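Undergrad: Quick one: this structure, given as structure tokens, is what I'll be asking you about.
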Amino acid sequence: MDFDLSSDQQLLMTSFESLLEAYRALPVGSHGYTLYSKELQGELAASGFLDVAAAEGFGPLEAALLAEEAATSPYGAELAASALIGPLLDGAEGPIAVAWGLGEPVRYLPQARTVCIIQGDEVLVASPETGAIREVDTVGAYPMGALEKAPSNAATLDAKTSAAVRCRALIAIAAEAAGLMRAALEHAVQYVKDRQQFGQSLGAFQAIQHRLAENAQIVRAARSLAFRAAWRDDECSAASACLYAQNAMRKLIHDCHQFSGAMGLTLEFPLHLWTYRLKLLQGEAGGRAGQAALVASNLWGAS
Amino acid sequence: MEFGWTPEQKALRQKVAAFLDAHLPEDWESIASQSPGSPAVTEFSKQFCPKLAEAGLLASHWPEEFGGAGASAWDHFIVGEMLWEAGEPRGPQYYNVNWIGPAIMQYGTAEQQEQHLGRMLKGDVIWCQGFSEPSAGSDLAALRTRAEREGESYVVNGQKIWTSYARLAEFCFLLARTGAGKKEISVFLIPMDRKGITVRPIDSVVGDGDLHEVFLDDVEVLESERLGQEGLGWEVVRYALNFERVGIPRYALALRTLNRTVAELQGSASFGEGAQIAAASAHSACEAARILVYEAVGQRMKSSPDTGVASIARLSVVRAENQVADFVLDWTPQLFVGDEQPMVATHHKRAISAGIAGGAAEIQLNLIARNVLGLGA
Ligand SMILES: Cc1cc2nc3c(=O)[nH]c(=O)nc-3n(C[C@H](O)[C@H](O)[C@H](O)COP(=O)(O)OP(=O)(O)OC[C@H]3O[C@@H](n4cnc5c(N)ncnc54)[C@H](O)[C@@H]3O)c2cc1C
């Protein structure tokens with residue numbers, strides 16, 4: 001058990017952070033609901049970071065470390081599913097989108113070169129054909145699209161690979177959610193430090209301090225559970241980490257908006273980029289009931 | 001970063017599990033339900049701890065020069081986690097090995113070490129912790145109990161409260177004021193049978209033996225019973241409690257209680273979707289507490305400065321503990337009310353004080369706000 005990054009992990013994160021550096025600055029003025037960055041997506045593909053889990057000495061934990069970090073940028077680009085699931089699919093091209101059903105809005109589907117369609121225990125893999133995707137106009141801060149039917153080139157994965165893909169897809173959600181929560185909280189904390197009311201900064205009020213401190217616990221727990229799930233790479237840990245995040249995020253989203261006042265509801269203020277991504281993750285993959293069923297069947301043999 | 005146990009740590013877990021199988025009697029769960037400070041558990045601990053010592057599991061992490069085996073503090077943590085999960089058969093004696101012993105090793109004189117450490121290693125001595133007072137709870141620095149110097153000794157007057165185990169304890173790790181300044185406080189190691197000490201139990205919902213008042217009226221304490229220099233009290237306390245940074249691994253008993261409750265629901269075919277969501281959520285909260293506690297333990301083991309993870313871990317433990325207690329009340333109220341599953345009562349009695357004993361959860365929130373988030377006036 002070691003909670004510090006190894007020197008290789010440190011090197012990885014340092015170079016990843018320098019790539020992200022250019023995508024940290026908050027956009028000026030109104031930036032719309034979705035702040036997708038084609039440039040960031042391109043850099044991720046070109047830099048090889050999407051393949052980190054296949055690299056010598058690395059695995060899903062390193063992919064999850066990157067996913068958590070990437071999610072803190074206000075700019076959206078798909079990394080989590082591509083880095084976690086990509087290595088399981090021989091030669092699949094990223095970005096990868098995960099569809100938890102046909103006809104439903106799917107994150108990053110309009111950008112995806114590969115889509116994993118999860119249908120019960122079975123997973124189909126396909127390259128979305130042009131014209132087959134319906135773009136979905138959304139207030140959620142991810143670009144979304146929907147597939148009405150499976151593409152003609154869809155192939156069904158064998159049972160073992162299907163199970164592995166489903167597990168990694170949950171780890172991807174958990175890691176992404178952890179990073180989004182961290183960024184949203186950091187932003188709200190900065191706001192209450194800066195904002196003056198009653199002759200002092202809002203952060204001086206204990207009522208606000210305590211609620212933000214409770215969220216700091218949530219962020220730390222969600223991160224550590226996501227990373228441990230990635231290290232273990234098993235369905236129960238993955239579903240449990242995902243469930244923890246899906247349970248906890250509602251409080252965090254609420255509190256971060258609450259303490260940002262009306263400013264936090266504007267499209268000039270970046271908070272929604274993290275909270276409205278989180279809102280889309282809250283019910284993904286069957287939501288709490290879906291994760292709980294997996295945990296209960298793994299731990300207690302429940303059906 | 002990695003989350004695995006070494007083969008040695010796995011073997012240790014097996015050893016402890018086998019030890020518990022062999023040495024916990026059949027009616028252990030109903031004994032344990034009387035709480036760690038009860039006469040029954042205290043008596044039991046005096047049989048159990050010597051056997052634990054013989055198996056090398058009581059204080060293996062103590063340095064060899066003080067009678068330990070110099071094992072890693074991780075080993076001691078693993079043992080502590082498994083014993084708490086089992087209902088804490090060491091009773092009050094976990095104090096001795098966790099922090100009172102180590103404080104005496106660090107600050108004690110050779111005579112004090114000679115007098116106390118051997119007894120602790122033998123496993124038949126009970127200590128209590130005399131910190132809190134009627135007017136000094138969260139604000140411990142407001143304590144009023146005074147130790148006035150008179151030649152080679154001190155005369156102590158004052159009152160302690162909430163003192164766990166006091167009635168059956170042989171010694172007290174006592175904090176008293178030795179000067180007028182707010183921080184002029186010293187630690188004394190005093191025998192509880194000393195003239196002038198009166199102990200009065202306080203009835204409570206946490207169980208018998210866990211809460212007492214201790215009155216100190218003109219108690220004579222020798223200079224040789226002071227631990228560390230006069231006025232060094234805070235430093236000693238800080239040092240000692242650093243070993244308790246993360247508090248009790250409460251998630252372990254909480255998880256066992258949760259598993260037991262789920263089995264009960266399954267037995268009556270009533271583990272449906274609602275219960276599954278609640279159970280899996282409580283489970284994930286316990287695992288969150290576990291992983292954060294491990295992180296805090298790991299940090300202490302590396303002597304890294306606390307980045308706030310210890311406070312976060314404590315808060316996480318309180319949340320998990322309460323979530324499991326609520327799961328029982330929501331889904332199996334009959335287990336809470338009845339006496340068929342004494343372990344459920346054991347858990348509840350302990351869970352109820354999780355956010356208070358050892359320092360209020362709100363104090364941890366203050367620390368997180370200040371040290372982790374950088375908020376504050
Ligand atoms: C089961 C049990 C066993 C114990 N055993 C021992 C023992 O062996 N030895 C010993 O010395 N003590 C013991 N204690 C006492 C324990 O350390 C104190 O209860 C604890 O420090 C809180 O003090 P208090 O109860 O006086 O609460 P108070 O200080 O009166 O506080 C009451 C509540 O107010 C809130 N609060 C207090 N300060 C703040 C603040 N600054 N900001 C926000 N909220 C605040 C918290 O919610 C707190 O719970 C035990 C307590 C329990 C419950």
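The values are calculated or read from the model by the stated rules, or taken from the named source; none is laboratory data. All values derive from a computational prediction rather than experimental measurement. Neighbour counts are summed over all protein chains in view; Cβ atoms, including those assigned to glycine, are modelled from backbone coordinates with ideal geometry. To get the accessible areas, we keep the full protein, side chains included, count just its heavy atoms, and leave off ligands, DNA and RNA. Shrake-Rupley method; radii C 1.70, N 1.55, O 1.52, S 1.80 Å.
Undergrad: Going by the conditions given, is A:Glu268 farther than 16 Å from A:Leu185 by Cβ, of a type outside the set (Gly, Ala, Ser) and open to solvent by less than 50 Å² (accessible area, probe 1.4 Å)?
TA: no
Undergrad: Let me ask something else about it. Are there any pairs, at least 6 apart or on different chains, whose C-beta atoms fall under 7 Å, with the first in the range B:120-146 and over 17 Å from B:Ala103 (Cβ atoms) and in a loop (DSSP other than H, G, I, E, B) and the second within 16 Å of the ligand (Cβ to nearest atom) and of a type in the set (Ser, Thr, Tyr), and if so, which?
TA: Note: pairs meeting the criteria are B:Arg144/B:Ser135.
Undergrad: May I ask you to list pairs of residues, at least six apart or on different chains, whose Cβ atoms are under 8 Å apart, with the first in the range B:1-21 being at the interface with chain A (Cβ under 9 Å from one of its Cβ atoms) and the second being open to solvent by less than 40 Å² (accessible area, probe 1.4 Å) and basic (Lys, Arg)?
TA: B:Phe3/A:Arg228
Undergrad: Would you confirm whether or not the range B:369-376 contains a residue that is within 14 Å of the ligand (Cβ to nearest atom), modelled with pLDDT of 95 or more and in a helix (DSSP H, G or I)?
TA: Scanning the range B:369-376, I find at least one residue that is within 14 Å of the ligand (Cβ to nearest atom), modelled with pLDDT of 95 or more and in a helix (DSSP H, G or I), so the answer is yes.
Undergrad: Can you work out which of the residues in the range B:328-354 that are out of contact with any Asp or Glu (no Cβ under 7 Å at 6 or more places or on another chain) and assigned to a loop (DSSP other than H, G, I, E, B) is nearest to the ligand (Cβ to nearest atom)?
TA: Selected residue: B:Ser353.
Conditions (1) part of a loop (DSSP other than H, G, I, E, B); (2) surrounded by fewer than 21 Cβ atoms within 10 Å (Cβ to Cβ), marked per residue:
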| residue | (1), (2) |
| --- | --- |
| B:Leu58 | yes, no |
| B:Asp75 | no, yes |
| B:Pro89 | yes, no |
| B:Gln93 | no, no |
| B:Trp99 | no, yes |
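Undergrad: Here is a follow-up. Just one of the numbered conditions (1) part of a strand (DSSP E or B); (2) touching a helix residue (DSSP H, G or I) at 6+ places or on another chain (Cβ under 8 Å) is not true of A:Arg134; which one?
TA: Going through (1) part of a strand (DSSP E or B); (2) touching a helix residue (DSSP H, G or I) at 6+ places or on another chain (Cβ under 8 Å) one by one, A:Arg134 breaks only (2).
Undergrad: Also, I was wondering about something else. Looking only at the range B:343-377, which residues are away from chain A (no Cβ under 12 Å), hydrophobic (A, V, I, L, M, F, W, C) and in contact with a Leu (Cβ under 9 Å, 6 or more places away or on another chain)?
TA: Passing the criteria: B:Met343, B:Val344, B:Ala345, B:Ala351.
Undergrad: Additional query: Among the residues of the range B:330-354 satisfying the criterion of being open to solvent by 50 Å² or more (accessible area, probe 1.4 Å) and charged (D, E, K, R), which is nearest to A:Val219 (Cα to Cα)?
TA: B:Asp330
Undergrad: Output yes when any residue across the range A:41-56 is surrounded by 17 or more Cβ atoms within 10 Å (Cβ to Cβ), away from chain B (no Cβ under 14 Å), out of contact with any helix residue (DSSP H, G or I) (no Cβ under 7 Å at 6 or more places or on another chain) and not polar (S, T, N, Q), and no when none is.
TA: For the range A:41-56, residues surrounded by 17 or more Cβ atoms within 10 Å (Cβ to Cβ), away from chain B (no Cβ under 14 Å), out of contact with any helix residue (DSSP H, G or I) (no Cβ under 7 Å at 6 or more places or on another chain) and not polar (S, T, N, Q): present.
Undergrad: Then there is this: Looking only at the range B:355-368, count every residue that is open to solvent by less than 30 Å² (accessible area, probe 1.4 Å), within 12 Å of B:Val317 (Cβ to Cβ) and near the ligand (Cβ under 9 Å from one of its atoms) and tell me the total.
TA: 2
Undergrad: Let me ask something else about it. Hey, could you check the range B:160-197 for residues that are open to solvent by less than 20 Å² (accessible area, probe 1.4 Å) and small (Gly, Ala, Ser) and say which is farthest from the ligand (Cβ to nearest atom)?
TA: Ranking the qualifying residues of the range B:160-197, first place goes to B:Gly179.
Undergrad: Still on this structure, please answer the following. Could you list, in sequence order, all residues of the range B:101-131 that are surrounded by fewer than 17 Cβ atoms within 10 Å (Cβ to Cβ) and within 16 Å of the ligand (Cβ to nearest atom)?
TA: Those that are surrounded by fewer than 17 Cβ atoms within 10 Å (Cβ to Cβ) and within 16 Å of the ligand (Cβ to nearest atom): none in the range B:101-131.
Undergrad: Let me ask another. For the range A:187-293, which fully contained helices (runs of 4 or more DSSP H) count at least 2 residues that are more than 12 Å from chain B (Cβ to nearest Cβ) and within 17 Å of the chain's Cα centre (by Cα)?
TA: In the range A:187-293, the matching helices (runs of 4 or more DSSP H) lie at A:235-258, A:271-282.
Undergrad: Is it the case, given these coordinates, that B:Gln299 is in a helix (DSSP H, G or I), in contact with a Lys or Arg (Cβ under 9 Å, 6 or more places away or on another chain) and either open to solvent by less than 10 Å² (accessible area, probe 1.4 Å) or within 16 Å of the ligand (Cβ to nearest atom) (or both)?
TA: No: the conditions fail for B:Gln299.
Residues are listed down the side, and each one gets a yes or a no for (1) within 16 Å of the ligand (Cβ to nearest atom); (2) open to solvent by 10 Å² or more (accessible area, probe 1.4 Å):
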| site | (1), (2) |
| --- | --- |
| B:Glu220 | no, yes |
| B:Arg226 | no, yes |
| B:Glu244 | yes, yes |
| B:Leu255 | no, yes |
| B:Val262 | no, no |
